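Visitor: I'd like to ask you about the structure that follows.
The values are calculated or read from the model by the stated rules, or taken from the named source; none is laboratory data. Computed from a predicted model, the values in this text were never measured in an experiment. Every residue, glycine as well, gets a Cβ built from its backbone with ideal geometry; the counts of neighbours run over all protein chains shown. These area figures cover heavy atoms from the full protein model, side chains too; ligands, DNA and RNA do not enter into them. Shrake-Rupley method; radii C 1.70, N 1.55, O 1.52, S 1.80 Å.
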Amino acid sequence: MRVGVFDSGVGGLSVVKSLLEHKLFEEIIYFGDTARVPYGVKDPNTIIRYSLEAIEFFKNFEIDLLITACNTVSAYALDEMRLHSNCDVIGVVDPGVLALKNAVPSTQADILILGTKATVKSGAYEKGLNLLGYERLTAKATGLLVPIVEEGLYEGEVLQSALHHYFGDLEKAPDAVILGCTHFPLVAKAIDAYFEGKSTLIHSGEAIVEYLQSHYDFSRRFEHTELKFFASENPEGLRRVAKEWLNLA
Ligand code: DGL
């Protein structure tokens, strides 16, 4: 199967990492809209317009499936994307909600949802979780973590200050933290340590793998996956990050 993976920038590579670990696809075509990242501070119409341009980009490749590896796009643009696409389009929010349910079944759990401003404003995770009976939800827009990840500051003072800035008011560690932005798995270790390992972290990449395995037939595994990386600006930069994050030779 040939899959397209779309994100506003490099964050979706954390999803590609999970797809590769599970050897699900023969070919992955990645497109990061690096010229226009971040999407998380843009208004819904702009997010939808950019996402439809990505649909046009992927029409050049005859993909079998498109994964929107961006929570912000998943929260706003999925319906429009599906209307204009020739193949299935899957976002990361619904899989994240299902992954939370599987990992933390108690609906009395305290859940912290992290995301960009736009994702948090959309209330997309809350809607999905409320439907399943979860009510103890806190959502925080933690957008500063996006440039921190883009700068490669996966540990250290700057990251710690940002975590303290965002989480300093929480009285105790939540039972679960939804990493509702595909950049955040890169700082998952630091978030986990901040909450002293007491919180279950939900990662969009792992969530989408769980979702794919329960909705599609993946009886075949691919030892080698052909990878193609495209970006709307500085594709070399994106390929460099991909090499580092995905440990490519
Ligand atoms: N990777 C995007 C997401 O998952 C966030 C980055 C952005 O603001 O564009 O929401």
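Visitor: So what's Rg/Rh here for the chain, counting alpha carbon atoms and using the Kirkwood radius for Rh?
Guide: 0.94
Visitor: Taking segment 1-71, which GluC sites (Glu not before Pro) meet the DSSP loop condition and have no more than 13 other C-beta atoms within 10 Å?
Guide: Answer by residue number: Glu62.
Visitor: Still on this structure, I have one more. Short version: ³J(HN,Hα) in whole Hz for each residue of segment 120-132, in order, from phi by Karplus 6.51 cos²θ - 1.76 cosθ + 1.60 (θ = phi - 60°), x for Gly and Pro, what are they?
Guide: Result, ordered by residue: 5, 4, 5, x, 4, 5, 4, 4, x, 6, 4, 4, 8 Hz.
Visitor: Return one whole number: the accessible area per residue of segment 111-153 in Å², for a 1.4 Å probe.
Guide: 46
Visitor: Amide H neighbours of Ala231 under 5 Å, counting only residues 5+ apart in sequence or on other chains, H built in-plane at 1.01 Å?
Guide: Residues meeting the amide H criterion: Gly32.
Visitor: If R₀ is 41 angstrom, what is the calculated FRET efficiency for the pair Leu170 and Asp79, using the beta carbon separation as r and rounding to 0.05?
Guide: E between Leu170 and Asp79, to the nearest 0.05, is 0.75.
Visitor: Another question, then. Once you put a point 7 Å from the Cα of Gln108 and another 7 Å from the Cα of Phe61, both along the Cβ direction, what distance in nm separates them?
Guide: Between Gln108 and Phe61, the simple spin-label model gives 4.6 nm.
Visitor: Kindly provide the pair-distance distribution of segment 175-249 built from C-alpha pairs, with 10 Å bins from 0 and whole-percent values in order of increasing distance.
Guide: Result returned by the calculation: 15, 33, 37, 16.
Visitor: Could you give the semi-axes, largest first, of the ellipsoid that matches segment 106-249, computed as the square roots of 5 times the alpha carbon gyration tensor eigenvalues and rounded to whole Å?
Guide: 27, 22, 14
Visitor: Also: For the chain, what is the mean residue ellipticity at 222 nm derived from helices alone (per DSSP H run of n ≥ 4: -39500 (n - 2.57); sum divided by total residues; nearest 500 deg cm²/dmol)?
Guide: Calculated at 222 nm, the ellipticity per residue is -12500 deg cm²/dmol.
Visitor: Could you pull out every residue, at least 5 positions away or on a different chain, whose amide H is within less than 5 Å of the one on Ala139? Hs are placed 1.01 Å off N in the peptide plane, and Pro or chain starts have none.
Guide: Under 5 Å from the amide H of Ala139 lie the amide H atoms of Ile113, each far enough along the sequence or on another chain.
Visitor: If you roll a 1.4 Å probe over the chain with all protein chains in place, what percent of the accessible area is carbon or sulfur?
Guide: 49
Visitor: What pairs from Lys17/Lys228; Lys17/Lys121; Lys127/Lys198; Lys17/Lys42; Lys59/Lys127; Lys121/Lys198 go past 21 Å between their alpha carbons?
Guide: Where the Cα-Cα span goes over 21 Å, the pairs concerned are Lys17/Lys121; Lys127/Lys198; Lys17/Lys42; Lys59/Lys127; Lys121/Lys198.
Visitor: Grab the other residues whose beta carbon is less than 14 angstrom from that of Val149, score K and R as +1, D and E as -1, and report the net.
Guide: Summing Lys/Arg as +1 and Asp/Glu as -1 gives -3.
Visitor: Follow-up question, since we're still on this one. Over 17 Å, how big is the tail of the calculated P(r) for segment 16-151, in percent of all Cα pairs?
Guide: That fraction is 63 percent.
Visitor: While we're on this one: Relative to the longest principal axis of the chain, what angle (0 to 90°, nearest 10) does the C-alpha long axis of helix 235-246 take?
Guide: Tilt relative to the chain: about 60 degrees.
Visitor: Show me, for segment 94-105, the HN-Hα J-couplings you get by feeding each phi into the Karplus relation (A = 6.51, B = -1.76, C = 1.60, θ = phi - 60°), rounded to Hz, glycine and proline as x.
Guide: 4, x, x, 5, 5, 5, 4, 4, 5, 7, 9, x
Visitor: Per residue of segment 205-212, what does 6.51 cos²θ - 1.76 cosθ + 1.60 with θ = phi - 60° give for ³J(HN,Hα)? Whole Hz please, x for Gly and Pro, Karplus curve as stated.
Guide: Once rounded to whole Hz, the list reads x, 5, 5, 6, 5, 4, 5, 4.
Visitor: Let me ask something else about it. What is the calculated FRET efficiency for Asp217 to Arg49, with r their C-beta to C-beta distance and R₀ = 41 Å, to the nearest 0.05?
Guide: 0.75
Visitor: Check cross-link reach from Lys101 to the aspartates and glutamates: straight Cα distance under 17 Å, and skip same-chain residues fewer than eight apart.
Guide: Asp110, Glu126, Glu135, Asp175, Glu206, Glu210
Visitor: If one takes the longest principal axis of the Cα atoms in the chain, at what angle in degrees, from 0 to 90 and to the nearest 10, does the Cα axis of helix 157-167 lie?
Guide: 70
Visitor: Also: Counting only heavy atoms of the protein chains, get the accessible area per residue of segment 1-71 (1.4 Å probe) and round it to a whole Å² value.
Guide: Accessible surface, normalised per residue, equals 33 Å².
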